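The values are calculated or read from the model by the stated rules, or taken from the named source; none is laboratory data. Everything quoted here is computed from the prediction, not taken from an experiment. Cβ: placed from backbone, ideal geometry, glycine included. Neighbour counts: every protein chain shown.
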Amino acid sequence: MDAYKPFEPQCYNFEIGTHQNKKVIWIAFPYNTKLIQHLKQHTSAQWSRSNKKWYVLDKTSYRKLFGIEAMVMSSHVLADVNAVNHSAFNRFVEQLQLKGYSPNTMRTYSTEFVQLLKVIKTTKAESLSSEKLRSYFLYCIKTLKLSENTIHSRMNAIKFYYEQVLKRKKVFIEVPRPKKPSTLPKTLSAGDIRKMFSAVENKKHLLILKLCYGMGLRVSEIVNLKIADIDSKRMQVLISRGKGKKDRYAILPNSVLELLRAYYKEYKPTKYLFEGQDGGQYNIRSVQLMFKNTMRKAKIYKKIGVHGLRHSFATHLIEQGTDIRFVQDLLGHNNIKTTMIYTSLTDQTRRKIKSPLDNL
């Protein structure tokens, strides 16, 4: 099986379809015992006698394994929506696609819009008035007790439908938004980060964590890193199509070069810097679980996710005197106000102020 890379198009042909009233991924390839063995080893594929093809159920995990674009939503979720609103949902998704929204945003918006469609049942979505929508959001707050952030997310999705799909610009004028809580990003101290690194024995895991912190990357950006993006001569890394589909350059830390080369020799990635066991991108969820396990192993009990390494990167940069504009560029923020939140965590002068209690 050395002659091919797992599940690449030159070996397998994938097609989304339906079989026995279920959504499936058809897998076609010239008869080859090694390919069949490989397919059975890594999937639960079954043979369809009527279609003369192999197939698996259409799941997100298989789409990722095969390099197929992720589903906007699984079919069973839409099954809870009355048929009168199926066309509204389809138009909603098509408009998101035309606007070029990311798969994550499409899934979030679609999930939130479906919640409205499920509640209104046989009422057509396009017939809802501003007053009806206002009542619906009051129901979300009072009955469902959704958080302010969830309400904002749901409002954004529904607003997209009425303004971008139906072109009704004034529907939301009478629907106020709840005030979002003002929270500070969670960070780790330099000491905790050193302690965390010391608890990692696996080269791959250590490199992932060091790059997340050392370059201030989002977890989606770390798994999207390609070998071709790394320029060790100029000591920079291209972050391709980050949040908002923007490209930017990050600084490659000098201290990581030796580990990077050792990792490359041992793991031999082919396209992405970090790949799964069967090739293709490393799974975001795997990075999150690895971070959680590492924190527990290092006996650091702060409630913080892997994104906290990005927050720590920004905070520590500002603490060492880096200009806020450079920090903004390195993080890929559109608005300087987003970056300014880190100054609340790094005001050294404020930390030196003594409480009057200490003078008693």
Kindly indicate whether Phe137 is in contact (Cβ under 8 Å) with a residue 40 or more places away in the chain and within 17 Å of Leu116 (Cα to Cα). no
Listed residues Tyr263, Tyr342, Tyr282; which is within 26 Å of Gln236 (Cβ to Cβ), assigned by TED's automatic domain parsing to the domain that holds Met196 and modelled with pLDDT of 90 or more? Tyr263
Search the stretch 179-192 for residues that are of a type in the set (Val, Ile, Thr) and pair each with any residue that is at pLDDT below 75 and in a loop (DSSP other than H, G, I, E, B) when their beta-carbon atoms are under 9 Å apart and the residues are at least 6 apart or on different chains. Thr187/Leu345
Which residue pairs have Cβ atoms closer than 6 Å, lie 6 or more positions apart in sequence or on different chains, and pair a first residue in the stretch 47-66 that is closer than 18 Å to Thr33 by Cα with a second residue that is among the polar types (S, T, N, Q) and surrounded by 13 or more Cβ atoms within 10 Å (Cβ to Cβ)? Tyr55/Ser48
With respect to Thr183, determine if the residue is within 24 Å of Lys243 (Cα to Cα), loosely packed, with under 14 Cβ neighbours inside 10 Å and either acidic (Asp, Glu) or not assigned by TED's automatic domain parsing to the domain that holds Lys243 (or both). yes
Any residue in the stretch 208-230 that's outside the structural domain of Asp247 (by TED's automatic domain parsing): show its pairings with residues that are modelled with pLDDT of 95 or more at Cβ separation under 7 Å, as long as the two are six or more apart or on different chains. none
Qualifying residues in the stretch 117-148 (those that are polar (S, T, N, Q) and assigned to a helix (DSSP H, G or I)) - the one surrounded by the most Cβ atoms within 10 Å (Cβ to Cβ): Ser130
Residues within the stretch 18-42 that are without any contact (Cβ under 8 Å) to a residue 40 or more places away in the chain and surrounded by 14 or more Cβ atoms within 10 Å (Cβ to Cβ), tallied: 9
Go through the stretch 154-211 residue by residue and tally those that are under 21 Å from the mean Cα position of the chain (by Cα), over 30 Å from Tyr136 (Cβ atoms) and in a helix (DSSP H, G or I). 8
Could you please find all residues in the stretch 97-112 being outside any loop (DSSP other than H, G, I, E, B) and within 19 Å of the chain's Cα centre (by Cα)? Gln97, Pro103, Asn104, Thr105, Met106, Arg107, Thr108, Tyr109, Ser110, Thr111, Glu112
Would you be able to tell me the number of residues in the stretch 227-249 that are on the phi > 0 side of the Ramachandran plot and either touching a strand residue (DSSP E or B) at 6+ places or on another chain (Cβ under 7 Å) or part of a loop (DSSP other than H, G, I, E, B) (or both)? 2
Tally the residues that are small (Gly, Ala, Ser) and under 11 Å from Lys53 (Cα atoms), restricting the search to the stretch 11-43. 1
Would you check if there is a residue in the stretch 313-327 being surrounded by fewer than 16 Cβ atoms within 10 Å (Cβ to Cβ), at pLDDT below 75 and among the charged types (D, E, K, R)? no
